[in-house]
1. Report yes if residue 5 is over 18 Å from the mean Cα position of the chain (by Cα) and hydroxyl-bearing (Ser, Thr, Tyr), otherwise no.
2. Testing residue 210 on (1) more than 18 Å from the chain's Cα centre (by Cα); (2) among the basic types (Lys, Arg); (3) within 29 Å of residue 133 (Cβ to Cβ); (4) exposed (fewer than 15 other Cβ atoms within 10 Å of the Cβ), one condition comes back false. Which one is that?
3. Return only the number of the condition from (1) over 28 Å from residue 89 (Cβ atoms); (2) surrounded by 17 or more Cβ atoms within 10 Å (Cβ to Cβ) that residue 258 does not satisfy.
4. Just for the range 13-34: of the residues that are part of a helix (DSSP H, G or I) and under 21 Å from the mean Cα position of the chain (by Cα), which one is surrounded by the most Cβ atoms within 10 Å (Cβ to Cβ)?
5. Please list, ordered by first then second residue, the pairs with beta carbon atoms under 9 Å, 6 or more apart or interchain, first in the range 13-30 and more than 11 Å from residue 66 (Cα to Cα) and in the same structural domain as residue 59 (by TED's automatic domain parsing), second among the polar types (S, T, N, Q) and surrounded by fewer than 19 Cβ atoms within 10 Å (Cβ to Cβ).
6. Looking only at the range 187-207, count how many residues are touching a Phe, Trp or Tyr at 6+ places or on another chain (Cβ under 9 Å) and surrounded by fewer than 15 Cβ atoms within 10 Å (Cβ to Cβ).
7. Does the range 146-177 hold any residues that are within 12 Å of residue 289 (Cβ to Cβ), touching a Gly at 6+ places or on another chain (Cβ under 9 Å) and surrounded by fewer than 22 Cβ atoms within 10 Å (Cβ to Cβ), and which are they?
8. Name, by its number, the condition in (1) in contact (Cβ under 8 Å) with a residue 60 or more places away in the chain; (2) within 30 Å of residue 124 (Cβ to Cβ) that does not hold for residue 251.
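The values are calculated or read from the model by the stated rules, or taken from the named source; none is laboratory data. Since we're looking at a predicted model, the values are computed, not measured. Neighbour counts run over all protein chains shown; Cβ positions are idealised from the backbone, glycine included.
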Amino acid sequence: MEFASPPLVRPDAAIRLIAPSGPFDRERFEAGVAFLRERYEVRYDDPSIHSRDGFLAGDDERRVRELRDALADPDAAAIVAVRGGYGATRILGHLEVAEIRRANKWLVGFSDLTALHALWGRAALRSIHGPMVAWLGAADDLARAQWVAALEGTHPPIGELSSLGREGAAEGHLVGGNLAVLASLVGTPYEPPLTGAILFLEEVAEAPYRVDRMLTTLRHAGWFERVHGVLLGEFTGCVGKHEVDVQRVLADRLGSLDRVVLSGVASGHGRRNRPLPLGARTRLDARTGTASFL
């Protein structure tokens, strides 16, 4: 499967901010916006973006309207989420693959934004799994520089990865994101396009037995039979009362697959959260322990 690449984002380009999931800290938001305005024209719907409805950043209608407005903005080169949390899966049924493809814009985010990345994937459109506005508000200079480089089209190879699966190499388009969100998409019309893919997985604050259960769900659903390889990011704070290390769970559930499985990417809910180009042709090499974006 070949993914289309939206036009590269240039300095001074317009970017549109959205809050499709949970509410966010205003101070970190303002710090992130201030950083983005040093390089881009930043647009968002104020005060609507600050809406709160329990654990959501406003009701479904508000969040769908905000995303649709961002998609329809003729000048916006990218749509950047403010924060994850929960709520993106609730709005999937209000959006059409065709309108995502027509808009031809980058989506940037991670965590709960995995649900929207899957929709971008179904539109065969590339997107960026990476930090969001509130995260950037507290990020250091290196993390911010990596984010800008990724948004503007630079994705260097990743080395020093560990192999959990078979030897050899594998290639495919990169899909995935947060494990819990992906597991919630199993059996729905919103699964990412898996056939021939490299599946990226990361997680935060889930007990190892829950990680085991979610990986087992993906196994039962045949996801790992459809992909060419698996790339593992960080499993941050995944501890539990049974004294089972999450790395043991990953090795147990994924090590027996007849697939290339590489782990150790500093991407997910950790301090670094390296941006990844979802939809890009990706090569995993177990011999050299590298992931390259072709």
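1. It is false that residue 5 is over 18 Å from the mean Cα position of the chain (by Cα) and hydroxyl-bearing (Ser, Thr, Tyr).
2. Going through the list (1) more than 18 Å from the chain's Cα centre (by Cα); (2) among the basic types (Lys, Arg); (3) within 29 Å of residue 133 (Cβ to Cβ); (4) exposed (fewer than 15 other Cβ atoms within 10 Å of the Cβ), residue 210 breaks only (4).
3. Failed condition: (2).
4. Filtering the range 13-34 for residues part of a helix (DSSP H, G or I) gives 26-34.
Then keep just the ones that are under 21 Å from the mean Cα position of the chain (by Cα); that gives 28-29, 32-33.
Numbers: 28: 19, 29: 22, 32: 27, 33: 17.
Going through the qualifying residues, I end up with 32.
5. 23/51
6. 0
7. Within the range 146-177, 158, 159, 160, 161, 162, 163, 169 meet the criteria.
8. (2)
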